[in-house]
Amino acid sequence: MRFSTLSLGALLLAASATPAFADDAPTAPAPAFTVSGGATLISDYRFRGISQTNKKVALQGTFTVSHESGLYATVWGSSIDDYVANGSDQEVDLIAGYSKTINGIKLDGGVLYYYYPGGGHANTDFAEPYFDISTQMGPVNGKVTVNYAPKQKALSVGNGAESNVYLAGDLAASIPNTAFGLTAHLGHTFGPSYLSIGNEYTDWGLGASYTWNHLTLGVSYVDTNKDSFITDQHNETRNISKGGVVVSLGAAF
């Protein structure tokens, strides 16, 4: 939580007027469960560099319940274009995981299930276990991630089932004494599968953000080294994996 200068001054003034014996009063224990969430309006929802909205605006939301043990559950959702999952216009990600920090190194793993409601009779939903390791180095946070989706029909580019592996590295840095942040991302998708645009491809991005209170404004450039074309209902063909600028406005609670 951020305090304004006025609020912080009022707190300090109140503390100076508090009797000394108040410091001996017991403090309430931290809650076993915490709840967090947010909503984001974004100019283009890119999944591993590929637009899921035909390079149009998306509305996204998330809700997480965490336990002090490190267990957590998250529901994340976004509007999408119907070419992603056989007519569905929504993506809902159901996530269950566990995280623990040991000697400054955070370990995080779990299972992510991609659910596309209203996708007709096609098999479009799939599960993807994940694991990442991250650490803080001064103002910079570094993270390495591996996602492995075992063989599933939803990932097949033909008959049968296919698997998919995604490796990624991320850097996030806060600029000291400011509300600005910088991010860098590099990822590689191994196939062949529905997610890999053929055999494999690489995606990358650079971004900047500004946070005020509970709001964050972000701007990033996202690109890949492959082409993926779709034709919409207006017979307009677009390369949905071509580089572009993505702008977002998010609110956290």
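The values are calculated or read from the model by the stated rules, or taken from the named source; none is laboratory data. Treat the numbers as computed from the prediction; the structure is a model and nothing was measured. Cβ sites come from the backbone with ideal geometry, for glycine too, and all protein chains shown count toward neighbours.
Does S228 fit the bill of being modelled with pLDDT under 95, buried (at least 16 other Cβ atoms within 10 Å of the Cβ), in contact with a helix residue (DSSP H, G or I) (Cβ under 8 Å, 6 or more places away or on another chain) and polar (S, T, N, Q)?
Numbers: modelled with pLDDT under 95: yes; buried (at least 16 other Cβ atoms within 10 Å of the Cβ): yes; in contact with a helix residue (DSSP H, G or I) (Cβ under 8 Å, 6 or more places away or on another chain): no; polar (S, T, N, Q): yes.
It is false that S228 is modelled with pLDDT under 95, buried (at least 16 other Cβ atoms within 10 Å of the Cβ), in contact with a helix residue (DSSP H, G or I) (Cβ under 8 Å, 6 or more places away or on another chain) and polar (S, T, N, Q).
Scan segment 155-184 for residues that are farther than 26 Å from Y116 by Cα, under 17 Å from the mean Cα position of the chain (by Cα) and not charged (D, E, K, R) and report the count. Explain how you work it out, then say what you get.
First, the residues of segment 155-184 that are farther than 26 Å from Y116 by Cα: 169-184.
Narrowing the set further to residues that are under 17 Å from the mean Cα position of the chain (by Cα) leaves 169-173, 181-184.
The next check asks that each one be not charged (D, E, K, R); those that pass are 169, 171-173, 181-184.
Qualifying residue count for the region: 8.
Among the candidates Y210, Y221, single out the residue that is hydroxyl-bearing (S, T, Y) and either at pLDDT below 95 or within 30 Å of V35 (Cα to Cα) (or both).
Numbers: Y221 fails: either at pLDDT below 95 or within 30 Å of V35 (Cα to Cα) (or both).
Just a single option satisfies the conditions, and that option is Y210.
Please work out if Y83 is in contact (Cβ under 8 Å) with a residue 40 or more places away in the chain and either crowded, with 16+ Cβ neighbours inside 10 Å or touching a helix residue (DSSP H, G or I) at 6+ places or on another chain (Cβ under 7 Å) (or both). Before the answer, list the steps.
Numbers: in contact (Cβ under 8 Å) with a residue 40 or more places away in the chain: yes; either crowded, with 16+ Cβ neighbours inside 10 Å or touching a helix residue (DSSP H, G or I) at 6+ places or on another chain (Cβ under 7 Å) (or both): yes.
Answer is yes for this residue.
Looking only at segment 131-161, count every residue that is outside any strand (DSSP E or B) and of a type in the set (G, A, S) and tell me the total.
Here is the first cut: in segment 131-161, the ones outside any strand (DSSP E or B) are 138-139, 153-161.
From what's left, of a type in the set (G, A, S): 138, 154, 156, 158, 160-161.
Looking only at that region, the number is 6.
So V144 ticks every box in (1) more than 20 Å from S43 (Cβ to Cβ); (2) within 17 Å of the chain's Cα centre (by Cα); (3) surrounded by 14 or more Cβ atoms within 10 Å (Cβ to Cβ); (4) of a type outside the set (D, E) but one. Which box is left unticked?
Only one criterion is unmet by V144, namely (3).
Can you spot a residue in segment 119-130 that is in a strand (DSSP E or B), in contact with a Ser or Thr (Cβ under 9 Å, 6 or more places away or on another chain) and surrounded by 14 or more Cβ atoms within 10 Å (Cβ to Cβ)? Walk me through how you get there before you give the answer.
Step one: filter segment 119-130 for residues in a strand (DSSP E or B), giving 126-130.
Still in the running and in contact with a Ser or Thr (Cβ under 9 Å, 6 or more places away or on another chain): 130.
Okay, now just the ones that are also surrounded by 14 or more Cβ atoms within 10 Å (Cβ to Cβ), so 130.
The answer is yes, given that some residue of segment 119-130 is in a strand (DSSP E or B), in contact with a Ser or Thr (Cβ under 9 Å, 6 or more places away or on another chain) and surrounded by 14 or more Cβ atoms within 10 Å (Cβ to Cβ).
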